[in-house]
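These notes concern the structure reproduced below.
Just so it is clear, none of the values below were taken in a lab; they were calculated from the coordinates. These numbers come from a predicted model, not from an experiment. All Cβ positions, glycine included, derive from the backbone under ideal geometry; neighbour counts span all protein chains shown.
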């Protein structure tokens, strides 16, 4: 017979006995009433003794022993009504705790129940259902409407529409085009599509999540063991209080009353309810925590060590600037470079091609392609021999030396472009900061983390820049996996430590930490396998969510255990002086237990004080303006390039560059800024706490307008057919550089503070 059924039978028996005795007492059949209440009391003694023996077999002397003493004492002194009330309290407490536990674990069970067990494999025109374990890498699978994606793979046919809420915690459906990667566990909410398997069942994303979910709650969390330690002193204290009451009062009834109000059987079970509720709450937010111990440790942690690449940065290089030689345009440099790199597997080549495609550049088809490791790619485009990559000739023109200096200042890599052997352009690439990283760091600070460090195998320059921007407490660079693990162990000696990473090289450090956190959306299986916490979406701010949930769950667990015992101690004192009879004490203790368990269930409620809630309409606005930021990056480059050209004096080319900037400002940038001011900022006022929240950003809009008008005024005073006057150059160059700086800062602030409020928004910095 299951524990759930036993609890139900006990609840019915004790409630029936109490009710029957009450009816008999009303009919003045007092003997029958006592017999009913005594029967109800006796019915609870047997399971209570079994629970005590079970605790003793596991080396614990829990508070169930107090229940046995109270029940036995009630029978011994003839307080049958009190005994029946204790029995009912014991039964309802067990039932309530079990129900609360089932409710708290509902989301974790849902993960297990959704796990796919079969897949439909396509062989030519034949489609057969096969066990999931039979799927191999390279198999072509069919995912029908409403089905769960069985393994990780790529969309092979038409676009797919997926519900990834089980993985990410986000309810919005996402589209995946042909060739896009899809993770197992997502649900197909559109038409059927073909999937090319890229992993087996055991190596897929959802399988790892299921493995973690199976272990969730399996081990006792330290806070639960803390409750057991409370019981270790609460039990002898209760027995001593009851004994002293009997000794000094001479009343066994008063001693039983003390035992009755000290019967917190479900009381200390509130701690595991709070912990499991925290696990459930975290799973809804796209965070899978291995067990209650990991949640409790995360709630006590005070030091966080973070990997850089893929954790604080995007992990994917991006083009941050394009420099063209005099007589050439940045757009032409990008088009030629991307045309040659379109078939290269190099990570920088992929970044160049992605940049060109995002700007809507039409790529040419190269001929006679070649690639030299460490040097770059080459090919013939439109009859010209193009190379993209390293350029070793020491003699470089002035513009190229300026590009090198800019790359050094920005800690960027340089891909040089030559046309028929002549150097004509440079593309600067860097792994940019994640837009959600600054907000995450602030939220980690507010969650109680006192020390935030970065561990990275990268060079000192880029790493220190990231640490400075985020305000981290320290950075260790050029770290090997062994170095990272050693650093984690050193930090663990002074505080509970969390390590966050996403690659195979982070696995030793994650294993060494008190709590290892893996970026599971793109991280390696080795990384996820050694982690205590897996972020199932590629958003580092989920770490802050998990930390806040863990802190709150632990606080509620300790609050429930301590608060309940304090109330019991007060009631014991009242009972010891004879002011609380056993029956009334049993009712009071029942109320305390129920209240404490309900308090523990508060850990299930959403809690994200730092995250503004935005509606669907506002989310659409955020997505729209984030996309416009991507489109306007070329405008920022044009502003800076025009300022650079003014350094050569009032030449016609410089004037034309400034005029091109003025057109871009008038036709593209200023309409974007005005639309933000009129549409986006009013929509964000409510979730951010009022219009004052966007006042600083509105002031930036005003400065952008002012500088744009000043540039237009400079152009207006140039005579027709004339050129810029020498006395205009300094002010105009200052306006352009100032506008570039204000725009770049303004864009970053909007992306970090506003655009991260919408899920699945990842604007480029």
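Here are the numbers for the structure shown:
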read-out	value
Two-site label geometry, residue 679 and residue 247: point separation in nm, points 7 Å out along Cα→Cβ	8.1
Global form of region 318-430, assessed from the alpha-carbon gyration tensor, a/c cut-off 1.5	rounded
Zone of residue 749's modelled label, taken as backbone nitrogen in region 682-702 under 14 Å from a point 7 Å along Cα→Cβ	692-702
Full-stretch length increase - residue 660, residue 703 - with 0.36 nm per residue and alpha-carbon distance subtracted	13.5 nm
In range of the label at residue 368: residues from region 382-406 whose backbone nitrogen is under 19 Å from the point 7 Å along Cα→Cβ	382-389
Part-to-part distance (alpha-carbon centres) for region 451-495 and region 697-741, which is given in Å	43
Inter-probe distance in nm under a simple model that places probes 7 Å from Cα toward Cβ, at residue 617 and residue 715	3.6
Estimated inter-spin distance, residue 117 and residue 598, nm [label 7 Å along Cα→Cβ]	4.0
Residues residue 35 and residue 8, FRET efficiency given R0 of 25 Å [Cβ-Cβ distance, rounded to 0.05]	0.55
Cα-based shape type of region 418-472, given that a ≥ b ≥ c are square roots of the gyration tensor eigenvalues and the cut on a/c is 1.5	prolate
Calculated FRET value between residue 630 and residue 49, using beta carbons and R₀ = 45 Å, to 0.05	0.05
Anisotropy class of region 653-765 from Cα gyration tensor, a/c 1.5 cut	prolate
